[in-house]
1. Among D11, D59, D25, whose mean-square fluctuation peaks in a Gaussian network model of the chain (Cα, cutoff 10 Å)?
2. Once you wrap a convex hull around the alpha carbon atoms of the chain, what is its projected area averaged over all directions, in nm²?
3. Can you send over the carbon and sulfur percentage of the accessible area for the chain, probe radius 1.4 Å, protein chains only?
4. Only sites in a loop by DSSP and with at most 13 other Cβ atoms within 10 Å count here; which chymotrypsin sites (Phe, Trp or Tyr not before Pro) in the chain make the cut?
5. Report the extension gain between V24 and H68 in nm, rounded to one decimal, defined as 0.36 nm multiplied by the number of residues separating them, less their alpha carbon distance.
6. Could you state the accessible area per residue of the chain in Å², with a 1.4 Å probe and every protein chain left in place?
7. With +1 on each Lys and Arg Cβ and -1 on each Asp and Glu Cβ, how big is the dipole of the chain about its Cα centre, in debye rounded to the nearest 20?
Amino acid sequence: MRIAYGLDVADQNDKYISIVERGVDIFTRIIVPGRYLVEALPWLRHVPMWFPGAGFKRDAAKWQRDIHALRTVPFNAAVEQMVR
């Protein structure tokens, strides 16, 4: 965080580090080949979220907020710090 954004991190319970840890956890789940049926059957991306076999859509909906925070929270903090 210091190198990329110029943000200092706390030794324990840092909000930026917890955001990154959640992002890494999501990434390690996504990167496993064959985890989601949509990889083998691409047409499943068009089925509704409640449809059997569309668990990837429910997971993506849960993870969307964390991934957005991973991209924006440190950047916005760095911009705010530069403004000050």
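1. Residue with maximal mean-square fluctuation among D11, D59, D25: D11.
2. Values: hull surface 29.3 nm².
Its average projected convex-hull area is 7.3 nm².
3. Values: 3970 of 6590 Å².
Carbon and sulfur together cover 60 percent of it.
4. Details: sites: Y5, Y16, F27, Y36, W43, W50, F56, W63, F75; in loops: Y36, W50.
Sites meeting the loop and neighbour criteria: W50.
5. Full-extension gain reported as 14.5 nm.
6. Details: 6590 Å² over 84 residues.
Averaged over the residues of the chain, the accessible area is 78 Å².
7. Numbers: 12 positive and 9 negative charges, 74 e Å.
About 360 debye.
The values are calculated or read from the model by the stated rules, or taken from the named source; none is laboratory data. The model shown is predicted, which means the values in this text are computed figures rather than measured ones. Note: ideal-geometry Cβ built from the backbone for every residue, glycine included; neighbour counts use all protein chains shown. Accessible surface areas use protein heavy atoms only, side chains included; no ligands, DNA or RNA. Shrake-Rupley method; radii C 1.70, N 1.55, O 1.52, S 1.80 Å.
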